[in-house]
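To start, the structure itself, in structure tokens.
Computed from the coordinates by the stated procedures, all read-outs in this text should not be read as laboratory data. Everything numeric in this text was worked out from a predicted model, so none of it was measured. Cβ coordinates were reconstructed from backbone atoms using ideal geometry, including for glycine residues, and neighbour counts include every protein chain displayed.
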Amino acid sequence: MSSHYEAPIREPLILGEKSYHDISVDVGAPILGKANKSWWIVFSIALIAFLWGLGCIVYTVSTGIGVWGLNKTIGWAWDITNFVWWVGIGHAGTLISAVLLLFRQKWRMAINRSAEAMTIFAVVQAGLFPIIHMGRPWLAYWVLPIPNQFGSLWVNFNSPLLWDVFAISTYLSVSLVFWWTGLLPDFAMIRDRTKSPFQQKIYGILSFGWSGRAKDWQRFEEVSLVLAGLATPLVLSVHTIVSFDFATSVVPGWHSTIFPPYFVAGAIFSGFAMVQTLLLVMRKVVNLENYITIVHIEFMNKVILLTGGIVTVAYLTEYFIGWYSGVPYENYTYLSFGAATGPYWWAFWALIICNLIVPLTLWVKKWRRNIVWTFIVALVINIGMWFERFDIIVICLSKDRLASSWSMFQPTFVDIGVFVGTIGFFFVLFLLYARTFPVIAQAEVKSILKSSGARYKRIRESGEDLAGTAADARTSKYAERTSLASASNAADTYHQSTVHADALVDTEAKKSEIDLMLAKIGTYDPATQTADDLKKISGVGPVLEQKLHQLGIYTYDQVSKMTKTEYDLLDEIIDAFPGRAERDDWAGQAQNLKQ
Amino acid sequence: MVLGLIGLVFGFLSVPSTVEEASEILASHEEHHSSGEEASHEEANFVDEVRQEHGYSEHAMAQDKDLGHDAHEDGEHMEHVLHQMQAKPWSAAFVAAFFFMMIALGTLVFYAIQTAAQAGWSPVLFRVMEGITNYLLPGSVIVLLIVIFAGEHFYPWQNHELVAEDSILQEKSGYLNFPFWLIRGIIYIIGWNLYRHFARKNSLAMDDAEDLKPYKNLFKYSVYFLAFFIVTESTMAWDWFMSMTPHWYSTLFAWYIFASIIVSAVTVIAIVTVSLKAIGKLDFVNDSHLHDLAKFMFGFSVFWTYLWFGQFMLIWYANIPEEVTYFILRIQEYNPIFFGMIIINFVFPIVILMNSDFKRVSWFVVIAGVIILVGHYIDIFLLVMPSTVGPYWSFGITEFAALLFFLGLFILMVGMGLAKVSLRPKNNPFLVESEHFHY
């Protein structure tokens, strides 16, 4: 992408002294380690909720939709509310991965994986509701335009509900492909790091044989960009079409043209609230605070603030135009004086307080960066956005155009049970995901480490050299010297002038290693120092002394600082006497000779 | 400045022609209206054909109070026609004045978005954007003067006799009354121009500043301005456009106008950038910057289409008599430009700017830009004309002269704005990042 330069004013996105290898280790840890107790507790609760919901679903399907609280006037209520709520939550994932990718936002890297996972799990929950509401879910394939021989009727292409079927299934498949594409290099990382042959096999299959060649990366980036381009209009279209469900057909004769963009903004609003809810907990549980930092949280809060602002303006517009239209029926819709003072006043005010008033506190920077407050606001928004859909559907329906059919909605335990069940199901999926998937897109985070990592920012701002900083002690035996070299060698990165080893070494890499060695044991300066007689060290003869001189080693002081690594390097270069230096303990001898 | 001078000459040449044309039209309206009226009835009835329902559109339009078709007596009808004819030069001036004002305003919004979002790619273009917004002050004042003095030509609700007969308009008078409406208009203009003033001031102060204070001020003002704008843009759209047909309403309307504003603005930023680069004034702008501008042109064109479709689809689908007349009138009387506009604003940008290499070719971007601007001029034309002059529209000397006059004034003001200071900002914390920008 762009260069590694980043304005110093930008806050780091990766905290701590992280190297590339650290990222692999930190991201791989939850998968390669064992689950802790709190994971099992939360998982059990979620599983119980899921099983309870499953029971309610079985009861609904075996008995009939009558077990819900629906009546003749309010023919759909919690089911469609929950459906839209879940679809809306699903929006943040693709927005983060696609739209923020197009906008080149680096902070998306740490959160996109989990947000996309959340999207997919949320859309799965959403999809359940229309299927259950069909009453005979085994005939769900009738929503597809298939020939009448299958027993179905030809579908009604005029209905936005049918468009939903296409929009959401397309959305689910594209999100899945997008998610999986991003996962390929990360699965490969797990495959290469795990010690268990079983995991190796599984992650090998999941990573589609990712090899990490340049060609793989090139294709990977191209596909990501193309998918982002495809997913962006999809994000818009899905909630646009969901909004059409209500903009065209909740109450005959009432509609509002602002619904498409306003639903999209609302969906992003609720989706980010859910991402906050999940990530604030997850970063704590799996120790990822250095990757999902307070800066990420603040950025997400800013997105919430922006989309919340758009939603606020949309609410005001709805309310105002409802009055402005002069149509008396508008006073029975969900954003009107009638709704605010009618029997559903509490739902109206829940919406206003949760979605308009509470998020206003995020204008204050201190609160925006307060984790506890952010968590509370995120929960409140989740509730508020549920009420938004409930209001649009139930308030509008409860007072339709025929006063004699006005009615209220009373949910039954089955309504509540199914909803709680989907929340449980959602968390079951998410918790399983957190244990088996790399929850942070480590390959992408690595791509911004040099530009936005705290360590690299520090190195750059202090004017030090970046050369060799990527090496890590756990992956490279010269790494220790690497970091020293960068410290002492900052001004002049070219090879030491006291080295005349052309006869001994032929590659630049070797020369660099010699430089690194000298950086550690110290360089010889002919102007201020005098050369010691290295022949006094037992095991060093005239020939060997000459070779040591060629490598830039002249003094006892230098020799005394040598360790196993340096000996190994000497053995590599001067292969006359393998292991000799260590056996004779040159460093110890030189230490004595020095005094 | 050369461009500015040419613009000035253009401007001076076109002023008298507007006035002349205006009076000429006014003087000859008696001749015009009789022939115009006949023509309107003979036109091919598009809506009826599509619906296979004879007399459908006639009936629908007759239901609509805003169009004045309910006056069946000849005398009243003639009066209405006369009224529409008189509105024509006003409308022509308003369309052109608003079109260029919205470019300056949209540029200001884009600038505020870039600062508030701490964008790293765009600071090299800030002086260009500031130059374009130099037109905002004269442009917005002229627009306000036009809407004030057009009065009943544009806004039937300002006619007390009409309101007295109309219970719906009486209900709306809490919002649609002249003093409140005037105050609102003044507030918009003061708010927008204040931001432009302080933004420019702090941006220039940044050049010599030793600390981040001007930058932080600019950031803060930008955020406040965006919050102010998101509200005033909506009310502005209702006040100046939607209330031209006071019975008609659409909740999306204001955002639809915003889409037009922002896409035109980005397009003008791109065109100005290309022209300045061509004369060697913007060496520090590379083709990655142009690429990004072109992406925004592409993206906002699609966004505009999305909102256009959202509004059209929902009104068409619901088919409610009060609302659907808006489109019936436009499809019926403005058929070629109504559908032509969608091709110009959607199909052309999609086809031309889809390829990522083309987005880096300056003449390609300019061609796409000119097409987009033409399309959005038509868009504004279609917002205003059908509501004010009904079927008696044409694109004649008045419209063309108004367009030229405001184009001249626009180029002059923008040229002056650009020429005043160095086009290369200094000390913006993101400037180096922007100069290094390569995608």
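Numbers at a glance
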read-out	value
Karplus-derived 3J(HN,Hα), 6.51/-1.76/1.60, for each residue of region B:171-179, Hz, glycine and proline x	4, 7, 5, x, 9, 8, 10, 4, x
Cα→Cβ-extended label distance, 7 Å offset, between A:TYR5 and A:ARG193, nm	3.3
Relative contact order computed over region B:317-439 (Cα-Cα under 8 Å; 6+ residues apart), in percent	22
0 to 90° range, to nearest 10: angle between helix A:197-206 axis and chain A longest Cα axis	60
Relative contact order, percent, region A:508-593 [alpha-carbon distance under 8 Å, six or more residues apart]	32
A:THR63-A:MET408 pseudo-label distance in nm [points 7 Å out on the Cα-to-Cβ vector]	2.2
Net lengthening on full extension, A:ASP525/A:TYR433 (0.36 nm per residue, minus Cα-Cα)	27.3 nm
Exceeding the 20 Å Cα-Cα cut-off - candidates B:LYS216/B:LYS420; A:LYS18/A:LYS446; A:LYS215/A:LYS446; A:LYS18/A:LYS215; A:LYS561/A:LYS594	B:LYS216/B:LYS420; A:LYS18/A:LYS215
Contour excess over end-to-end distance, with Cα ends at A:GLN200 and A:LEU51 and 0.36 nm allotted per residue	50.4 nm
Difference of contour (0.36 nm per residue) and Cα-Cα distance, A:PHE208 to A:ILE371	54.8 nm
Rounded if a/c under 1.5, otherwise prolate or oblate - the protein assembly as shown, Cα gyration tensor axes	oblate
Ranked A:GLU388, A:GLU17, criterion: other C-beta atoms within 10 Å, fewest first	A:GLU17, A:GLU388
Cα gyration tensor of chain A - equivalent ellipsoid semi-axes, whole Å, descending	65, 24, 20
Between 0 and 90°, nearest 10: helix A:108-133 axis offset from chain A longest Cα axis	30
Pairwise label distance in nanometres, A:SER38 with B:ILE320, each label 7 Å out on the Cα-Cβ vector	5.1
Calculated FRET efficiency for the pair B:SER288/B:ASN159, C-beta based, R₀ 51 Å, to 0.05	0.40
Sequence-distant lysines (8 or more away, or on other chains) whose Cα lies within less than 16 Å of B:LYS359	B:LYS277, B:LYS295
Nearby lysines by direct alpha-carbon distance to B:LYS213 (threshold 19 angstrom, same-chain neighbours under 8 apart not counted)	A:LYS365, B:LYS201, B:LYS426
Whole-number percent relative contact order across chain A, with pairs defined as alpha carbons under 8 Å at least 6 apart	22
Sites B:SER173 and A:LYS302 - FRET efficiency at Förster radius 56 Å, r taken between beta-carbons, to 0.05	0.90
FRET efficiency estimate (nearest 0.05) - Cβ-Cβ, B:SER275 to A:GLN546, R0 56 angstrom	0.20
